[in-house]
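Notes for the one structure printed next.
The values are calculated or read from the model by the stated rules, or taken from the named source; none is laboratory data. Predicted model only: the values in this text are computed from it and were never measured. Cβ placement follows ideal geometry from the backbone for every residue including glycine, while neighbour counts extend to all protein chains displayed.
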Amino acid sequence: DAGVTQSPTHLIKTRGQQVTLRCSPKSGHDTVSWYQQALGQGPQFIFQYYEEEERQRGNFPDRFSGHQFPNYSSELNVNALLLGDSALYLCASSFVTGQETQYFGPGTRLLVL
Amino acid sequence: GENVEQHPSTLSVQEGDSAVIKCTYSDSASNYFPWYKQELGKRPQLIIDIRSNVGEKKDQRIAVTLNKTAKHFSLHITETQPEDSAVYFCAAEFYSGGGADGLTFGKGTHLIIQP
């Protein structure tokens, strides 16, 4: 039973560029949430996808967008990268919504120079 | 929105002693409270969670208590071992008009087990 996977593991970009991160949920899960974890901080909720739609969004600008595919995998896109976007980006998958355990992937470490 | 406060930020205990980490939350609608352990460079891993219909849950050396009236919950680790050293995060599931959504995390507690 495959757990949550993410790609790539590491990424280096320069300011102003665009990046796409990918996530495959745990087998049987249909909901994907994305989090940003800055160094020394707790994860911060970016948004959640269910049934290929964004259900809820945290306090992140429109530069952050996403997508969910029919196989429940998901992408996170960040446009016009800023130095402050450097962080570990985690996706978590769960089944349905509401009091369901979220399992995290290994994350993508993004460095913006 | 939900706000989660976690204390202490750093906790150092002797091997074999107990460790307690406390969290408070602001949204009385929250009903699900997981705890994650994160080792350096690794993903957060769920170690225990509690739902609002119970006040306490135990799994071997780890226990979590929940006081919904006071809006606080705590993690208790007994007989600590060196492999318990990590950063621990509490979280609360927050709700919007569309139902339960993401998790709001505390800032984390760096637990250090002294040999």
For A:Gly66: the one exception among (1) surrounded by fewer than 13 Cβ atoms within 10 Å (Cβ to Cβ); (2) in contact with a Leu (Cβ under 6 Å, 6 or more places away or on another chain); (3) among the small types (Gly, Ala, Ser): (1)
Breaking point among (1) more than 11 Å from every other protein chain (Cβ to nearest Cβ); (2) surrounded by fewer than 21 Cβ atoms within 10 Å (Cβ to Cβ); (3) without any contact (Cβ under 8 Å) to a residue 60 or more places away in the chain; (4) closer than 22 Å to A:Gln18 by Cβ, for A:Asn79: (3)
In segment A:82-108, the residues that are surrounded by fewer than 17 Cβ atoms within 10 Å (Cβ to Cβ), over 22 Å from A:Gly16 (Cβ atoms) and without any contact (Cβ under 8 Å) to a residue 40 or more places away in the chain: A:Gly98, A:Thr101
Scan segment B:31-55 residue by residue and report those that are crowded, with 20+ Cβ neighbours inside 10 Å and touching an Asp or Glu at 6+ places or on another chain (Cβ under 6 Å). B:Tyr32, B:Pro34
Expected single match for within 10 Å of the chain's Cα centre (by Cα), not in a loop (DSSP other than H, G, I, E, B) and not hydrophobic (A, V, I, L, M, F, W, C) among A:Gln56, A:Gln36 is A:Gln36
In segment B:46-115, which strands (runs of 3 or more DSSP E) lie fully inside it and hold 3 or more residues that are modelled with pLDDT of 95 or more and at the interface with chain A (Cβ under 8 Å from one of its Cβ atoms)? none
So, in segment B:31-42, exactly how many residues are within 7 Å of another protein chain (Cβ to nearest Cβ) and more than 22 Å from B:Phe73 (Cβ to Cβ)? 0
For segment A:33-68, enumerate the residues that are within 9 Å of chain B (Cβ to nearest Cβ) and either of a type in the set (Gly, Ala, Ser) or touching a His at 6+ places or on another chain (Cβ under 6 Å) (or both). A:Ser33, A:Gly40, A:Gly42, A:Gly58
Selection count, segment A:82-110, where residues are farther than 17 Å from A:Tyr35 by Cβ and away from chain B (no Cβ under 14 Å): 2
Is there a residue in segment B:71-82 that is crowded, with 17+ Cβ neighbours inside 10 Å and touching a Gly at 6+ places or on another chain (Cβ under 7 Å)? yes
Given A:Leu111, A:Leu21, A:Leu11, which one is surrounded by 19 or more Cβ atoms within 10 Å (Cβ to Cβ) and either closer than 23 Å to B:Gly108 by Cα or of a type in the set (A, V, I, L, M) (or both)? A:Leu21
Among (1) over 14 Å from the mean Cα position of the chain (by Cα); (2) more than 10 Å from chain B (Cβ to nearest Cβ); (3) not hydroxyl-bearing (Ser, Thr, Tyr), A:Arg22 falls short only on (1)
